[in-house]
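Undergrad: Would you mind keeping the following structure in view while I ask a few things?
The values are calculated or read from the model by the stated rules, or taken from the named source; none is laboratory data. Because the structure is a prediction, the values reported are computed rather than measured. Neighbour counts run over all protein chains shown; Cβ positions are idealised from the backbone, glycine included. With ligands, DNA and RNA removed, areas are computed over all heavy atoms of the protein, side chains included. Shrake-Rupley method; radii C 1.70, N 1.55, O 1.52, S 1.80 Å.
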Amino acid sequence: MSKINKVAIFGMGKSGKSAVELAKKMKQDLYAINRGPVESWYESEKLDSLIESCSCYSEDDFAEHFHKMDEIVVSPGIPTTHPALKQAVAKGVKILSEIEYAYREVRDIPVIAITGSNGKTTTTTMIAEALKKAGKKVFCGGNIGVPYCDLPISGEKVDFAVIEVSSFQLETIHEFHPHIGLILNIVPNHSERYDAVHDYARAKFNMLKNMTSEDHLILGLENAYLKDIEKSLPQKDFFSKGHLPESFTKIFSFKDAKVKGEHNEANFYAAYKVLELLEINNLQKLFQQFINEFPGVSHRLEYVLTKNNLNLYNDAKSTNVEATITAIKAFKDSQDDFYLIMGGKLRNESDRFLDSLMPFKKQIKMIFTIGEVTDRLYEELKGEFKVEKGQDLKTVFNYAKTHNLQGNLVFSPSFPSFDQFKNYVDRGEKFKAWAREIFGA
């Protein structure tokens, strides 16, 4: 185990709390840091036991102590440009993500790491579930909602660690070493954190930092910055949504798949390549069964209910317009009316959506705008689309019920969730709960 003395865990979200538990297991000199006075943490039951078991400080109270640490484990939402972190780095303090912190304690377990702007949660889940179907013991975690630190805390021995990693987490890795890495795509995202898309791409490419010529990299061609990594060491396989190799499309059928769309076929291909590289036995038969059985992922174009010929779909994980376009395209062959719910927290004043949505003008019957961007989005789109200011999900549901809408009502927000919800999971769960409440299903 690591021989580090003073460790600060900055940010008490799910990954931060797990990092605290790992630090306690390693008997490190531990400091837990969070925003707001420590007394206010008691408002969250999940922080009660933490407060009682280690040294806790508010961010402001600890500001003059960050630079005295050996290491600082930062939650994904805290940028490395934070003034206290910059001061600490200047004093030689190492900043690392929870992903890095966990990896050092379980480096003997082979890592399959997945990143990308869109599709990474679905693909991560596909890989993990397909490996389980093949009889392998798998830990599935990371940005998908299960902290990587949970693995060394448990002490469980597994065959593979399948880890979803975000650009935020990859900014602060040092030794993290995937044996198989997947970069599914790079499209504009997180403009609130990165001044340029290229900066965002570079953070994603940090995954390759410790990969060698014995490792494998699976790359989606929806990526304008592939030249940046063409000379990197890992062996490379490429794929493109809608243009998958015949060696895959002629072998496998998607007619009985529960998840639809070209994007999911591409995700299946990426998962298949991983199992092929791992030389899984009887792969063709196993993977066709897997395609037919895989139910999809919560909050990623998830079917919710049908009431009076209106089908509701929850795509709450969509935080950029590319994800929303992928959702729209999944219904391109449907003859039913298509209604879209968009909106959330404003990310950047420069965000515009009209040009991206125009190719689907004939397909989209109506757009409902919700959240902080309700009025802004309405003004941008009203000249070309029929747009209704929904403000919030309950209002949209009541409108749909009152006006007897029929067809497909798809919630694919394109924006972050933090205006009206705790996170995208909360947003998706509320969508499902309110839909069942209002439509009586």
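Undergrad: Within segment 397-412, does at least one residue satisfy the condition of being more than 15 Å from LEU312 (Cα to Cα), polar (S, T, N, Q), modelled with pLDDT of 95 or more and under 28 Å from the mean Cα position of the chain (by Cα)?
TA: Looking through segment 397-412, none of the residues is more than 15 Å from LEU312 (Cα to Cα), polar (S, T, N, Q), modelled with pLDDT of 95 or more and under 28 Å from the mean Cα position of the chain (by Cα).
Undergrad: Ok, one more. Does segment 192-214 contain any residue that is surrounded by 16 or more Cβ atoms within 10 Å (Cβ to Cβ), at pLDDT 95 or above, of a type in the set (Asp, Glu) and at negative phi?
TA: For segment 192-214, residues surrounded by 16 or more Cβ atoms within 10 Å (Cβ to Cβ), at pLDDT 95 or above, of a type in the set (Asp, Glu) and at negative phi: absent.
Undergrad: Taking segment 41-68, which residues are modelled with pLDDT of 90 or more, surrounded by fewer than 20 Cβ atoms within 10 Å (Cβ to Cβ), closer than 16 Å to GLU21 by Cβ and hydrophobic (A, V, I, L, M, F, W, C)?
TA: none
Undergrad: Which of the numbered conditions does ASN348 fail, given that it passes all the others? Conditions: (1) more than 21 Å from ASN408 (Cα to Cα); (2) surrounded by 15 or more Cβ atoms within 10 Å (Cβ to Cβ).
TA: Every condition holds for ASN348 apart from (2).
Undergrad: If we scan segment 158-174, do we find a residue that is farther than 18 Å from LEU96 by Cβ, open to solvent by 10 Å² or more (accessible area, probe 1.4 Å) and not aliphatic (A, V, I, L, M)?
TA: Checked segment 158-174: at least one residue is farther than 18 Å from LEU96 by Cβ, open to solvent by 10 Å² or more (accessible area, probe 1.4 Å) and not aliphatic (A, V, I, L, M).
Undergrad: Name the residues in segment 274-304 that are surrounded by fewer than 19 Cβ atoms within 10 Å (Cβ to Cβ), charged (D, E, K, R) and touching a residue at least 12 places away in the same chain (Cβ under 8 Å), would you?
TA: Correct list: GLU293 only.
Undergrad: Next question, about the same structure. Those residues that are within 26 Å of the chain's Cα centre (by Cα) and crowded, with 17+ Cβ neighbours inside 10 Å, I need them from segment 15-40; list them, please.
TA: SER15, GLY16, LYS17, SER18, ALA19, VAL20, GLU21, LEU22, ALA23, ALA32, ILE33, ASN34
Undergrad: If you don't mind, another one. Please tell me if ASN308 is over 22 Å from the mean Cα position of the chain (by Cα), at positive phi and open to solvent by 20 Å² or more (accessible area, probe 1.4 Å).
TA: Yes.
Undergrad: Hey, any hits in segment 69-77 for a residue that's of a type in the set (A, V, I, L, M) and surrounded by fewer than 18 Cβ atoms within 10 Å (Cβ to Cβ)?
TA: no
Undergrad: Looking at segment 116-146 only, could you name the residues that are in contact with a Ser or Thr (Cβ under 7 Å, 6 or more places away or on another chain) and outside any strand (DSSP E or B)?
TA: ASN118, ASN143, ILE144
Undergrad: A further question follows. Quick one: which residue in LEU340, LEU346 is in contact with a helix residue (DSSP H, G or I) (Cβ under 9 Å, 6 or more places away or on another chain), over 15 Å from ALA435 (Cβ atoms), at pLDDT 95 or above and outside any helix (DSSP H, G or I)?
TA: After applying the criteria, what remains is LEU340.
Undergrad: With over 23 Å from THR249 (Cα atoms), of a type in the set (Lys, Arg) and in contact with a helix residue (DSSP H, G or I) (Cβ under 8 Å, 6 or more places away or on another chain) as the only criterion, which of ARG376, ARG352 stands out?
TA: ARG352
To keep it simple, each residue is scored yes or no on (1) of a type in the set (D, E, K, R); (2) more than 17 Å from PHE338 (Cα to Cα).
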{"residue": "ASP392", "(1), (2)": "yes, yes"}
{"residue": "THR395", "(1), (2)": "no, yes"}
{"residue": "GLN406", "(1), (2)": "no, no"}
{"residue": "LEU409", "(1), (2)": "no, no"}
{"residue": "PRO416", "(1), (2)": "no, yes"}
{"residue": "PHE421", "(1), (2)": "no, yes"}
{"residue": "TRP434", "(1), (2)": "no, yes"}
{"residue": "ILE438", "(1), (2)": "no, yes"}
{"residue": "ALA441", "(1), (2)": "no, yes"}
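Undergrad: Are any of the residues in segment 106-115 in contact with a Pro (Cβ under 8 Å, 6 or more places away or on another chain), open to solvent by less than 40 Å² (accessible area, probe 1.4 Å), over 14 Å from ILE173 (Cα atoms) and in a loop (DSSP other than H, G, I, E, B)?
TA: Yes, the conditions are met somewhere in segment 106-115.
Undergrad: Quick one: which residue in ALA102, ALA88, ALA113 is in contact (Cβ under 8 Å) with a residue 12 or more places away in the chain and more than 19 Å from the chain's Cα centre (by Cα)?
TA: ALA88
Undergrad: Within segment 126-149, can one find any residue that is open to solvent by 50 Å² or more (accessible area, probe 1.4 Å), at positive phi and either at pLDDT below 95 or not β-branched (Val, Ile, Thr) (or both)?
TA: Yes, some residue in segment 126-149 is open to solvent by 50 Å² or more (accessible area, probe 1.4 Å), at positive phi and either at pLDDT below 95 or not β-branched (Val, Ile, Thr) (or both).
Undergrad: Only residues that are in a loop (DSSP other than H, G, I, E, B), aliphatic (A, V, I, L, M) and within 16 Å of ASN320 (Cα to Cα): list them for segment 172-222, please.
TA: LEU184, VAL187, ALA196
Undergrad: Does any residue in segment 421-441 that is touching a residue at least 24 places away in the same chain (Cβ under 8 Å) and hydrophobic (A, V, I, L, M, F, W, C) come within less than 6 Å, Cβ to Cβ, of a residue that is open to solvent by 60 Å² or more (accessible area, probe 1.4 Å) and in a helix (DSSP H, G or I) six or more places away or on a different chain, and which pairs are these?
TA: Close Cβ pairs (under 6 Å, with a partner that is open to solvent by 60 Å² or more (accessible area, probe 1.4 Å) and in a helix (DSSP H, G or I)) amount to TRP434/LYS394.
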